[in-house]
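A short write-up of the structure that comes next.
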Amino acid sequence: YRLGEVELSQGKTADAKNRFQQLAGATSVSPEMGRLKSLAEVGLAVCEQSAGNNQQALDKLDSLVQQYDSTDQSLFARINNARGACQQALGQTNQALLSYLQTDLLFFTDAEAHAEALYHLIKLWPQAGQPARAAEAKERLSKQYASSVWANKE
């Protein structure tokens, strides 16, 4: 799974998609493997979004919300961030803001996903007429996640 994430971050979407498909199709039934399979499903949706299939990816992510338990903070942080990316690509700015805000307020225990959500909130709050909230998100990102890729991204 982590290799798939790395490949996604490097823009190797086809490689990541193959890795996530293998993982999602694995036959193991252990709880650990079940969790990895659910994360791989989110990864597959991100690959779809990267390929420009935003509505298809969003539909898949919406079905994952219904399918899985929201107590898995890391999974739901990733689902919400992926939903936000799809919604932004579809021009649904307010919905994207809400998706990233859910990660910020409800699923903040995953540091990497939380930093990503804060980064996007910095960009989206001014579009919603809330520049002060953007400044607050930027301050939190730089203080809490100073060494994060997201804190140093323009």
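The values are calculated or read from the model by the stated rules, or taken from the named source; none is laboratory data. Source: prediction; values computed, not measured. Positions of Cβ are generated from backbone atoms using ideal geometry, with glycine treated the same way; all protein chains shown enter the neighbour counts. Remember, those area values only see protein heavy atoms, side chains included, never the ligands or the DNA or RNA. Shrake-Rupley method; radii C 1.70, N 1.55, O 1.52, S 1.80 Å.
In this calculation the C-beta distance from ASN94 to ALA132 is compared with R0 = 22 Å, giving a FRET efficiency of 0.80. When LEU58, LEU36 are compared by accessible area at a 1.4 angstrom probe, the order from most to least is LEU36, LEU58. Using only the Cα atoms of the range 88-130, build the gyration tensor, take square roots of its eigenvalues as a ≥ b ≥ c, and label the shape rounded, prolate or oblate: rounded if a/c is under 1.5, else prolate if a/b is larger than b/c, else oblate. Note, shape of the range 88-130 comes out prolate.
Once a ≥ b ≥ c are taken as the square roots of the eigenvalues of the Cα gyration tensor of the range 1-59, is the result rounded (a/c under 1.5), prolate (a/b larger than b/c) or oblate (a/b not larger than b/c)? Each step should come with its number before you reach the end.
Details: a/c = 2.47, a/b = 1.50, b/c = 1.64.
Because a/c hits 1.5 or more and a/b fails to exceed b/c, the range 1-59 counts as oblate.
Modelling each spin label as a point 7 Å along the Cα-to-Cβ direction, I'd like the VAL29/GLN10 distance in nm, to one decimal. For VAL29 paired with GLN10, the spin-label model returns 3.6 nm.
Among the listed values (i) 1.02; (ii) 0.97; (iii) 1.30, the one computed from these coordinates for Cα Rg over 2.2 N^0.38 Å is (i). Residue-wise HN-Hα couplings along the range 58-63, as the Karplus relation 6.51 cos²θ - 1.76 cosθ + 1.60 with θ = phi - 60° gives them from phi, are 4, 4, 5, 5, 4, 6 Hz; Gly and Pro carry x. Expressed as a whole percentage, what fraction of the accessible surface of the chain belongs to carbon and sulfur atoms when a 1.4 Å probe is rolled over the protein heavy atoms? Its accessible area is 51 percent carbon and sulfur atoms.
Round to a whole angstrom and tell me the spacing of the C-alpha centers of the range 72-110 and the range 4-61. Centre-to-centre distance over Cα atoms comes out at 17 Å.
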